[in-house]
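The values are calculated or read from the model by the stated rules, or taken from the named source; none is laboratory data. The model shown is predicted, which means the values in this text are computed figures rather than measured ones. We place every Cβ from the backbone using ideal geometry, glycine too, and count neighbours over all the protein chains shown. Note: accessible area is taken over every heavy atom of the protein model, side chains too, but ligands, DNA and RNA are not part of it. Shrake-Rupley method; radii C 1.70, N 1.55, O 1.52, S 1.80 Å.
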Amino acid sequence: MRIGVNVPNFGPGTGSGALRQWAQTVEGLGFDLLMISDHVAVTPDVAEQYPAPFYEPFTTLAWLAGLTHRIRLGTSVLIVPYRHPLLIARMAANLNRLSGGRLVLGVGVGWARQEFAALGVPFERRGALTDEYLRAVRAAWDDEQDYRAGHIPIWVGGNSDAALRRAVRLGQAYHPLRFTLPWLRGALKRMKDFAYEQRRPVPALAPRIALRLTDTPITGPGRLAGEGTADQIHDDLRELRALGSDTVVLDPFSGDPAETCRPQQAWRALATVAARENLTSDRTPKEQP
């Protein structure tokens, strides 16, 4: 099982220097994947959780690709209805090729009504648009003479049953976000049922979990996977591996924008996990396609 990190690409402490340090720290600790999030218009509903400045993911990942060597790069998650599908296909294909085949495209439908309105995209059609656009992206990638996309895995994010069904229809992996382990066990059972109904294979599992390291154990039914002592986090990762996770992405942002001004605490937590999970930074970079 590989382990990645969701890096904040927003907030008052984020800029070129901070993003460079994040990338160098995450790759240097031996993590396999660096992911960032997506918003286009920082409307009030977005700003409540992810305040400006917000760095656009394709632009940012292209820049980080030139600063890194081995680590995979991805979106968690790209809001599909915000961009024309041929633009998504072109930007993703170019980024994958220029980075040496390192892109993972995590996708979702979005949730910010005001942002949808600002972009002129009908909020009520976001699910249907996501399905339509993902099919168009795949069709564009089939043109190897033009797009030359190579293999770009699509991870379908979201914690709803609609997301589970979409992962079965259109994804290589299911990418649930911040959950309890009992919830995940139930979701995986439902996904298997949906795959059986659709007569399709069950997608791989690539969850994004919280990362909040504490000195004393966190107990209670509401504890998110990835919260608690080093032992608890290790046990969570072990259970996720047993549940079939191909990759697990750690999300150290707990919701306070001021955290982006002091990332050292998150880096210490990541270093603890890296040491506990015996990660190593001496993996061979992928060759250019």
_Tell me the residue from L78, L134, L67 that is under 28 Å from G17 (Cβ atoms) and crowded, with 21+ Cβ neighbours inside 10 Å, please._
L78
*Count of region 243-265 residues which are open to solvent by 20 Å² or more (accessible area, probe 1.4 Å), touching a helix residue (DSSP H, G or I) at 6+ places or on another chain (Cβ under 8 Å) and outside any loop (DSSP other than H, G, I, E, B)*: 2
*Can we say L240 is in a helix (DSSP H, G or I), without any contact (Cβ under 8 Å) to a residue 60 or more places away in the chain and crowded, with 20+ Cβ neighbours inside 10 Å?*
no
*asked:* Cβ-Cβ distance below 8 Å, separation of 6 or more or different chains: which pairs start in region 1-20 with a residue that is more than 29 Å from N278 (Cα to Cα) and open to solvent by 10 Å² or more (accessible area, probe 1.4 Å) and end on one that is among the small types (G, A, S) and not in a strand (DSSP E or B)?
replied: P12/A258; G13/A258
*Odd one out for A163, checked against (1) small (G, A, S); (2) surrounded by fewer than 16 Cβ atoms within 10 Å (Cβ to Cβ); (3) under 20 Å from the mean Cα position of the chain (by Cα)*: (2)
*Please tell me if A62 is open to solvent by 20 Å² or more (accessible area, probe 1.4 Å) and not in a loop (DSSP other than H, G, I, E, B).*
yes
*asked:* Would you confirm, using the coordinates I've provided, whether I209 is farther than 29 Å from R20 by Cα, outside any helix (DSSP H, G or I) and modelled with pLDDT of 95 or more?
replied: no
_Testing A225 on (1) open to solvent by less than 30 Å² (accessible area, probe 1.4 Å); (2) outside any strand (DSSP E or B); (3) in contact with a Pro (Cβ under 6 Å, 6 or more places away or on another chain), one condition comes back false. Which one is that?_
(3)
